[in-house]
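Here is the structure we will look at, set down as structure tokens.
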Amino acid sequence: MSTGLDLKAEIRKFVMENAQTKGVTEVSDDMSLTDSGIVDSLGIFRLVSFLEENVGVHIGDDEIILDNFRTIADIERFVNKKMNGKGEKASI
Amino acid sequence: MPYILQQLLTESARGHAERSAAWARGRTLSYRELEERSNQLAHFLRERGIKKGDRVGLFFPKAVESVVAMFGALKAGAVYVPLDPNQPAERITYIINNCGIKGLITSADRLRVLEHSSTPSVEFTLLTHELSNGSVRPNTFAWSALASFPADHAPELQATTTDLAYILYTSGSTGRPKGVMLSHQNALTFVEWCAEMFEIAPADRVSNHAPLHFDLSVFDVYNTIKAGATLYMVPDELAVFPASLAHWIEEKQITVWYSVPSALVHLVLHGNVNGDRFRNLRLILFAGEVFPQKYLKQLAELLPDVELYNLYGPTETNVCTYYRVDRALLPVMDRLPIGRACGNTEVFAVDEHDGMVGVGEVGELYVRGPAVTPGYWGDPEKTARMCVPNRFQSNFEEKLYRTGDLVSPDQNGDYYFLGRRDSQIKSRGYRIELGEIEAALLSHTGVCEAAAVAIPDEEIGNRIKAFVSPHDPGSLTAVELQRHCATRVPRYMIPELIELCGSLPKTSTGKIDRVRLAQANSQAAD
């Protein structure tokens, strides 16, 4: 299991790789990934697969919501919760 | 009968003054508010010097102000130009200069994107919000400036149905986007047909998923307003999350949905869609790309009571054919027809010997009737190539639109889409000229040769891959080129994959062999 520091670094690395293909070179922890186009309707599922494969969490369709994936900080918070056994379910 | 689009609003505002006309991001506008605000905007535009036929750009994320801006511009006699709020500054600047936008309706945030752009035609800017702490630029006005103008009537306007209403820019094969001009008549031909066909009523809650620079939104906005129904604009970020989008459709009790198939595929795969959740939904329209049969069958099973229609047509004709999905036939169908001509429209297919094709034969689809565009802004040559004289009748002069789409009719008179005559492709319903991507790559000083190819994809239609040979081997990286593309083309046109190679394969005539590149790619994928 990743430590907190590793987890964020891994998420950031993956997001940065995607960002670069969209021409974005800097991503802060609190920057909206959807507004900047880094995470789009395809990218979101690449990100989910990445987390499932590399962090070892299972992510249900009802968890793939804006609140969990808006920013790098949100993703980290969400994955940490999942690893502690408590996921945030869809409620908007 | 309305002959200009703004009459649809004025008529509905009379009968449904207090009903909601549009919802976006938690804000609604009643028909009365929409009518009054657009009257005020029209007077404002006139005072700023907007005359009939002048272009007004709309450059801000979807909001209720979008609908005010569209109708306000039309009431002033202007031609509105919706600009993709996510496009790079370079492309937006090109469009502004190409059609000479005189007034720009935008937000402070979007205006910053254009900070370093030269746009000499723009005489004034109207912000969709208030001015922030004293940073007043010359000829920049706050939305509240509209309040001082008359709300109860629109300015005088002598207009006809053949006047231009809006210009939609689509990808151009020579590397620059081209502006498709659409008249009031073009739009109304489609809107009137839809109104009759789909019986949109005041109780309907119509979604708007497509961006406003994409012609699917013409149905959403104008058919809703014509019916006195309510338009629900999908927040951009929701489109990324199928579970959230499904929740939104349920919560807003959407009755009519129109989008590209890929949005529906995502809902089918990840949205937990079912008839119980979408009890109010009665009609789904889709257009822009081929709906993969596998997912269409799933959608039809998940939503047994919803009517499904496949609509087809390039921006130049809006929708020109339709097909009502027959649930009884769907299980045995291996592909979906684009169907037959909409009302007030004629379509036929022509083979390479200029003959009309018969059942099972293949030809290029031609369209005639009042839905057909008068042409491309500022490009009479391109217009003459695509909008050709009708050589199949000689009684009077009229134009036909050549779609460039290869089709084949079946024995029932339904057409099937088979492919393109050129290198235009669809990805997520967006129309993309591979030539525009190649031009973007070639504009990088380190690039010697570039070719873009489409890789078929079940969910989004096509992914884009590019092959690039640099002047100086080892001097370029894929990411660097993607970054460069991001400054010139919209996000959906940036190649997902870029392969750097020594040189590109050539045909016997010395052209880059795109067929071989595409084949090499599909073999590698196998």
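Any read-out appearing in this document is the output of simple, stated calculations on the displayed coordinates, not a laboratory observation. A quick note: this is a predicted structure, and the numbers were derived from the prediction, not measured. So basically every Cβ, Gly included, is an ideal-geometry build from the backbone, and we count neighbours across all protein chains shown.
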Where in the stretch B:175-208 does the amide nitrogen come within less than 18 Å of the point 7 Å from the Cα of B:GLN253, taken along Cα to Cβ? B:200-208
Around B:GLU65 (Cβ within 13 Å, Cβ-to-Cβ, excluding B:GLU65; K/R +1, D/E -1) the net charge comes to +3
At most 15 other Cβ within 10 Å, DSSP loop - trypsin sites (Lys or Arg not before Pro), the stretch B:439-499: none
From the mean inverse distance of alpha carbon pairs (Kirkwood) and the Cα radius of gyration, derive Rg over Rh for chain A. 0.93
Rg ratio (alpha-carbon, reference 2.2 N^0.38 Å) - the stretch B:352-394: 1.38
Net charge of neighbours whose Cβ lies under 9 Å from the Cβ of B:SER207, counting Lys and Arg as +1 and Asp and Glu as -1: +1
Quarter of the surface of the C-alpha convex hull for chain B, i.e. direction-averaged projected area in nm², equals 26.2 nm²
Starting from the stretch B:383-484, pick out the GluC sites (Glu not before Pro) whose DSSP state is loop and whose Cβ has at most 15 other Cβ atoms within 10 Å. B:GLU397, B:GLU398, B:GLU458
Helix-derived [θ] at 222 nm for the protein assembly as shown: sum -39500 (n - 2.57) over DSSP H runs of at least 4, divide by residue count, nearest 500? -9000 deg cm²/dmol
To make sure I understand the rule: partners must be aspartates and glutamates, Cα under 12 Å from the Cα of B:LYS511, and not fewer than 8 residues away in the same chain. Which ones qualify? B:GLU449
Among residues other than B:ASP152 whose Cβ falls under 10 Å from its Cβ, what is the net charge (Lys/Arg +1, Asp/Glu -1)? -2
Taking a ≥ b ≥ c as the square roots of the Cα gyration tensor eigenvalues, with a/c under 1.5 meaning rounded and otherwise prolate when a/b beats b/c or oblate if not, the stretch B:188-256 comes out oblate
No solvent, one uniform scatterer per C-alpha: report log10 I(q)/I(0) for the stretch B:413-472 via the Debye equation at q = 0.25 1/Å, two decimals. -1.03
Once you have the alpha carbon radius of gyration of the stretch B:1-155, what is it after dividing by 2.2 N^0.38 Å, with N set to its residue count? 1.01
Apply the Debye scattering formula to the stretch B:234-422, with a single equal point scatterer on each alpha-carbon and no solvent, then give log10 I(q)/I(0) at q = 0.14 Å⁻¹. -0.85
Give me, ordered by chain and number, the residues 5 or more places off B:TYR232 or on other chains with an amide H under 5 Å from its own placed amide H. B:TRP23, B:VAL206, B:SER207, B:ASN208
Compute the Cα gyration tensor for the stretch B:424-525, then decide on rounded, prolate or oblate, letting a ≥ b ≥ c be the square roots of its eigenvalues: rounded whenever a/c is under 1.5, prolate when a/b is larger than b/c in the other cases, and oblate in all that remain. oblate
Which FRET efficiency value, to the nearest 0.05, is calculated for A:ASP35 and B:LYS52 with the Förster distance at 45 angstrom and r the Cβ-Cβ distance? 0.75
Would you mind pulling out the separation of the Cα centroids of the stretch B:54-131 and the stretch B:132-176, in Å? 7 Å
Cα-based shape type of the stretch B:318-454, given that a ≥ b ≥ c are square roots of the gyration tensor eigenvalues and the cut on a/c is 1.5: oblate
Loop sites in the stretch A:1-85: GluC sites (Glu not before Pro), DSSP, at most 13 other Cβ within 10 Å: A:GLU26
Whole percent per 20 Å bin, from 0 to the bin with the longest distance: what is P(r) over all C-alpha pairs of the protein assembly as shown? 18, 54, 27, 1
Under a straight-distance cross-link criterion of Cα-Cα below 28 Å, which lysines are reachable from B:LYS52, leaving out those fewer than 8 residues away in the same chain? B:LYS62, B:LYS75, B:LYS102, B:LYS178, B:LYS226, B:LYS382, B:LYS399
